[in-house]
1. Are any of the residues in region 154-163 at pLDDT 95 or above and within 15 Å of the chain's Cα centre (by Cα)?
2. Please give the number of the condition L149 fails out of (1) free of Cβ contacts under 8 Å to residues at least 12 places away in the same chain; (2) not in a loop (DSSP other than H, G, I, E, B).
3. Got a sec? Which of A102, A112, A140, A134 is of a type in the set (A, V, I, L, M) and over 25 Å from E83 (Cα atoms)?
Amino acid sequence: MEFLKVTRHNKEDVIKKAVECIIRGGIVAFPTETFYGLGAHFNNEDALKRLYELKKRPFEKAIPVIIGHLSFIRMLSHEIPEEALKLMEKYWPGPLTLVLKAKEGLSSLLTANTGKIAVRLPGDSLALDIARAAPFPVTATSANPSGVLPAADAQEVLKYFGDTVDLIIDGGKTPGSRPSTIVEIVKGQPKILRKGVIDMVSID
């Protein structure tokens, strides 16, 4: 396991190392605009299985992903409601996770056999930097064992997982108060599935 503290001098190198680690099938812990997250390649079955094992996460709970470019949404879904596009324009980059119909062929470890995928373009954070540098979507499940509070700093990640993750990036303490808000378009209207940082969601 490697532990790297981000400074303004080494930030680019740290982002590059994180992406290289994910490409190799590794798992990286990094700060998001809410809590710390665990990043793995969205299409690497072995890495996704490791994520579940590390977190002791029930397989019926899907794993959310982040993207750094809006065009990457097409790797995840071919059916994007117009209302969802409006929410993307209004709230991205930011702590809004959208639940969309999953593209055929996506790992059931991402979708939990629901036929749906949860995705966001994160707000200003190292998570956004990594997502922009990666040529594919990256998981961003919270850095905590299932049922335990998400880690708000790198030391908590270390306490939870020790050397079982490949790289921990210390980007300081995250806001950590609430997670991203999860929304799905139902009958043409946004339905909040989990309340988070964004209290009210509207298309207009």
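The values are calculated or read from the model by the stated rules, or taken from the named source; none is laboratory data. No experiment lies behind these values; they were computed from the predicted model shown. Here Cβ is always computed from backbone atoms with ideal geometry, including for glycine, and neighbour counts include all displayed protein chains.
1. no
2. (2)
3. Working: A102 fails: over 25 Å from E83 (Cα atoms); A112 fails: over 25 Å from E83 (Cα atoms); A140 fails: over 25 Å from E83 (Cα atoms).
None of the others qualify; the one that does is A134.
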